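The structure under discussion is supplied below as structure tokens; questions concerning it will follow.
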Amino acid sequence: MFVNYLKIAFRSLQRQKYYTIINLVGLSIGIAAFLMISLYIQHELAFDKHLNKRDRIFRVVEIQNEPGVGEQHVAITMGPLAKAMKEDFPEVLSTARLMNVWNYSVVNYGDKFFDERHLRYADPSIIEMFNIPIVIGDPRQVLTDPKSILVSEKIAIKYFDSINSAVGKVLLLDNTGFTVSGVMKDQPKTSHLFFDMLIPFEAAETLPEFKWLEGWGSNTLATYVELNKAASAEKINNGFETFLKRHVFKEQDSWQYLEMYLQPVSDIYLKSGHIKFQIISDSGDSGMVAMFIVISILILLIACVNFINIAIARSFKRSREVGMRKVLGAGRQGLIVQFISESAILTLASTLIALGIVELVLPELNKFLGTEFSIQFLNNPIFNIDLLLLSVVMSFISGYYPAFYLSRLQPIDVLKGNASSSGKGTRILSRTLVIFQFAISIGLIFAVLVIRDQVYFIKNKDLGINYNDTFYVDFGERGNEKLAVVKSAILQNPSVKSVAGCSFLNGVAGNQGPVFVSDSAKTKLLVRFGFVDEDFFNAMDIKFMEGRNFDGKIPSDLNRACIINQAAAKALGWDNAIGKTFEYPSAADSSGKMEVVGVIDDYHYYSLRSQVEPALWGWLPESFHGVVIKMTPGADSKELKIYIEKIWKDIFPGMPVSIIDAIAHNAENYKKDQNAFMLFFYFSLISILLSCLGLFGLTSLILEQKTKSIGIRKVLGGEVWQITYSFTRNYLLLVLIAGAIALPAGYYLLDLQLNEFAYRINIGFWHMVLPVVIALFISFLTISYRAYKTADANPVDALKYE
């Protein structure tokens, strides 16, 4: 019996090749888009799933609410915190600290020199807590000797050419020897925290320069805790107030604005956009994931709506078939199975075609996103189950209404000609589905226009700092003593306009801390610190609003003068900041004071997602980590890089050179936003095409049913344009209704999304009007083309139709 249903289904689909192809194309594209979005979502949700204890592992996050900055969440903590939590909270089973290694910049073995970026200090407990597989070595011993180092398989091959020969070898970190104690498996790419090399935390604690790790006054490391059960986190969060009073406030009474909470490790990748100073390797956006989940479902629904609408329009012809089969004894259940079978065949064929489309598109998608997505049926059971469920659900959704509607028709109504798709109920459903399709499409066009303008705004906003024709050369912690030599050598190149020493490309050092105004109240202000020489602000075209730049002819400027931004002056309520002084321990004179000699404009040293915070710049050469090189416009950047590499080998033999292109580096801040916009654009385009494809098929079927009436109207003197207009206007009205539904909802959601940016565009009137105009124009072309072709046909052929 079932085989017979399949035969009938195949014959029915074959008779209506034109509409079968429309359905097949629509479903295939819809499923392909869904699968590609699913791969992206699966990748984003897979982060840290490799951690066996992930439901019981948490990261400690601070809430700081300092004057001048406002509330900020910070994911770096103090040295004694881990030990104190283990002692004070019985729910804490173990703790682990992780800290970036910045006191060593170059790793070498023999004649191999590399600048390693994924090098961390870690407690031995990190091995068990993060279930790091140890390939060679004893997991209980690999991080116990302060002169040892644990390396990944990749690093072992990189330096020693094989994994087996790595243990016992000595790696030099800026000429300090560390013996390889073991080899760990390479970290999975779906880990929020990536590291290639681990040094025992004890190695940092034994160094004089890290003496401050013993106190509660500095935030530099990430603290992870493993609890006895996930529910204990709430109890610890409630106990943090007492804990801070007992430990932190007792030693650091100035930290009165501090709070703490535990963040689940499973939330770190997707839900940390609001957290600053994180020791992480990658981050995502839960809002973006949710948005793409919605888009994928909407695209599938549009494809299903196309199928349903065309099936409704075909019901007039199919009703005769149903009536005859019922007269011949067919039951309703059998008819339902037949129509669901047709839907299942189409869905199955569409799924196979969609898989082919995905395989063709995936290489370009991976290149665009920098990912390694692939369809792996053998190693991805979740994908296989989802694909099976998708096929079943789509078959049911697409075939449900046609099957149950047509199967309930009575033979007497069919034979009398009273059964058709023109009934009130079916007309309302069909129009509702068209409105639904175009509401989605208009909403997506609206979102594309707004997001495009926001991305353009970000890319073209005046940052207050000029990154054009700029390179940054990093010489780490040990190169600042040769700053004068480096500057002199680079300036000899005629392509170089200026060279300036600085703590980083953007002029700030990445750290934040308090300074105290030299007044009777000792007013405290939390600032971003920057360290630059007298050439930096001029080289980067940063404007002075008051006072002057650092001046090498004034000896007291070195270490004793400072420059602040307008945000700092505003936070302190200073109308005239020149001559005001701060108490700052790093100042060279015995009084520990730094005098404000200039106020600069609030340039954006970080992303536009955050406000420009109060900042203070000092001329402290010991804090310079590199130089910015300003190239003359039009000069050959490749030749300049070759020149820099050459002089670098002469000045710093055995030290690899790191040259950063300023424009490319700044663009990285918005790469994910740009990628998300492009994905959003492509999938929105797919939804619009699917809506138009469905509308084209629906219009064609309806016009087929009206062929005779069109012929009669032409014989009676009707003009082609009049007939075309009469069929077009009703659908254009549906598009307007769709716009009235989509735009208010889209405005509300997009306004919330834009609020994540400290600097954003305002949604304008044209953002609301243009999506509707675009949808009307595309719909008009789609409908009018098919209507015109039918209306322009010979009326004699129309009267002979059927």
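The values are calculated or read from the model by the stated rules, or taken from the named source; none is laboratory data. Model, not experiment: these values are computed from the prediction. Backbone-built Cβ (ideal geometry, glycine too); neighbour counts: all protein chains shown. To get the accessible areas, we keep the full protein, side chains included, count just its heavy atoms, and leave off ligands, DNA and RNA. Shrake-Rupley method; radii C 1.70, N 1.55, O 1.52, S 1.80 Å.
At K245 and V485, where each label point lies 7 Å from the Cα along Cα→Cβ, what is the point-to-point distance in nanometres?
So the label points at K245 and V485 sit 5.7 nm apart.
Excluding E205 itself, calculate the net charge of residues whose Cβ lies under 12 Å from the Cβ of E205, where each Lys or Arg counts +1 and each Asp or Glu counts -1.
On the way: positive: K83, R97, K211; negative: D123, E202, E209, E214.
Summing Lys/Arg as +1 and Asp/Glu as -1 gives -1.
Additional query: Using packing as a proxy for protection, rank 207-214, 341-348 so that the peptide with the highest average count of other Cβ atoms within 10 Å comes first. Let's see the in-between values first.
Details: 207-214: 12.0, 341-348: 22.2.
Put in order of decreasing packing, that is 341-348, 207-214.
Hey, another quick one. When a/c reaches 1.5 or more, the comparison of a/b and b/c decides; with that in mind, is segment 594-706 rounded, prolate or oblate per its Cα gyration tensor?
Values: a/c = 4.56, a/b = 2.28, b/c = 2.00.
Prolate, since a/c reaches 1.5 and a/b exceeds b/c.
Between N466 and A745, how many nm apart are label points set 7 Å from Cα along the C-beta direction?
Once both label points are built, they end up 4.9 nm from each other.
Would you mind working out the accessible area per residue for segment 618-663, using a 1.4 Å probe, and quoting it in Å²?
Details: 2200 Å² over 46 residues.
About 48 Å² of surface per residue is accessible.
If you restrict to DSSP beta bridges whose two residues both lie in segment 516-646, what percentage is antiparallel, to the nearest 5?
Working: 12 of 21 bridges.
Of all bridge pairs located within segment 516-646, approximately 55 percent are antiparallel.
Could you calculate the FRET efficiency of E128 with D650 from 1/(1 + (r/R0)^6), where r is the beta carbon distance between them and R0 is 41 Å, rounded to 0.05?
Working: r = 47 Å, r/R0 = 1.15.
E(calc), rounded to 0.05, equals 0.30.
What aspartates and glutamates could a cross-link reach from K112, if we take a straight Cα to Cα line under 18 Å and drop same-chain neighbours fewer than 8 places away?
E153, D161, D174, D196, E645, D650
Can you compute 3J(HN,Hα) from phi for each residue in segment 80-91, using the Karplus curve 6.51 cos²θ - 1.76 cosθ + 1.60 with θ = phi - 60°, rounded to whole Hz and x for Gly and Pro?
Those phi angles translate into x, 4, 4, 5, 5, 5, 5, 7, 8, 10, x, 6 Hz.
Would you list which aspartates and glutamates come within 13 Å of K522, measuring only between C-alpha atoms, while excluding same-chain residues fewer than 8 positions from it?
Once the sequence-local aspartates and glutamates are set aside, what remains near K522 is E583.
Tally Lys/Arg at +1 and Asp/Glu at -1 over every other residue whose Cβ is under 12 Å from the Cβ of G464; what's the total? Could the numbers behind the result be given before it?
On the way: positive: K461, K543; negative: D462, D541, D601, D602.
Result for the local shell: -2.
Next question. Over 18 Å between C-alpha atoms is what I'm after, so list which of K49/K185; K276/K593; K158/K641; K543/K580; K154/K646 land there. Write down the numbers at each step before the final one.
Numbers: K49/K185 16 Å; K276/K593 29 Å; K158/K641 25 Å; K543/K580 20 Å; K154/K646 29 Å.
K276/K593; K158/K641; K543/K580; K154/K646, as the Cα separations exceed 18 Å there.
Work out how much length E71 to E756 would gain on full extension: take 0.36 nm times their residue separation and subtract the Cα-Cα distance, in nm to one decimal. Before the final figure, lay out the partial values.
Working: separation 685, 0.36 × 685 = 246.60 nm, distance 1.52 nm.
Contour length minus Cα-Cα distance gives 245.1 nm.
Moving on to the next point. Using the Karplus equation 6.51 cos²θ - 1.76 cosθ + 1.60 (θ = phi - 60°), what ³J(HN,Hα) coupling, rounded to whole Hz, does each residue of segment 179-195 give in order, writing x for Gly and Pro?
Per residue, the Karplus-derived 3J(HN,Hα) values read 8, 5, 9, x, 10, 10, 5, 4, 4, x, 5, 9, 10, 5, 10, 10, 8 Hz.
Let me ask something else. For segment 127-243, just say rounded, prolate or oblate: build the C-alpha gyration tensor, square-root its eigenvalues into a ≥ b ≥ c, call rounded for a/c under 1.5, and beyond that prolate if a/b exceeds b/c, oblate if not.
Details: a/c = 2.64, a/b = 1.51, b/c = 1.75.
Verdict is oblate for segment 127-243.
Listed highest first by mean packing, meaning other Cβ atoms within 10 Å per residue, what order do 441-448, 660-667, 154-161, 190-197 come in?
Working: 441-448: 25.8, 660-667: 15.0, 154-161: 18.1, 190-197: 20.4.
Most protected by this proxy first, the peptides run 441-448, 190-197, 154-161, 660-667.
Also: Take peptides 216-222, 530-536 and line them up by average Cβ neighbours within 10 Å, highest first, as a rough protection proxy.
Details: 216-222: 20.1, 530-536: 23.6.
Top of the packing list down: 530-536, 216-222.
Quick query: amide H of E116 versus all other amide H atoms, modeled in the peptide plane; which residues come in under 5 Å with a sequence gap of 5 or more or a different chain?
V107
Given the C-alpha atoms of segment 17-167, compute the convex hull and give its volume per residue in Å³. List each step's numbers first, then the result.
Values: hull volume 41.2 nm³, N = 151.
Cα-based convex hull of segment 17-167, divided per residue, equals 273 Å³.
Something else: How far is it, in nm, from the label point at D145 to the one at E583 when both lie 7 Å from their Cα along the line to the Cβ?
Once both label points are built, they end up 4.8 nm from each other.
I'd like the trypsin sites (Lys or Arg not before Pro) in segment 614-693 restricted to DSSP loop residues with at most 10 other Cβ atoms within 10 Å, sorted by number. Could you put the intermediate results ahead of the total?
Details: sites: K630, K638, K641, K646, K649, K671, K672; in loops: none.
Sparse-neighbourhood loop trypsin sites (Lys or Arg not before Pro): none present.
Relative to the Cα centre, what is the charge dipole magnitude of segment 538-630, using +1 at the beta carbon of each Lys and Arg, -1 at the beta carbon of each Asp and Glu, and rounding to the nearest 20 debye? Write down the numbers at each step before the final one.
Values: 9 positive and 12 negative charges, 24 e Å.
Approximately 120 debye in magnitude.
Please compute the net charge surrounding A290, taking Lys and Arg as +1 and Asp and Glu as -1 over other residues with Cβ under 13 Å from its Cβ.
On the way: positive: K271; negative: E44, D285.
For residues surrounding A290, the net value is -1.
Non-local amide H neighbours of G530 (under 5 Å, H modeled in plane, Pro and chain starts lacking H): which ones?
A509, L616, W617, G618
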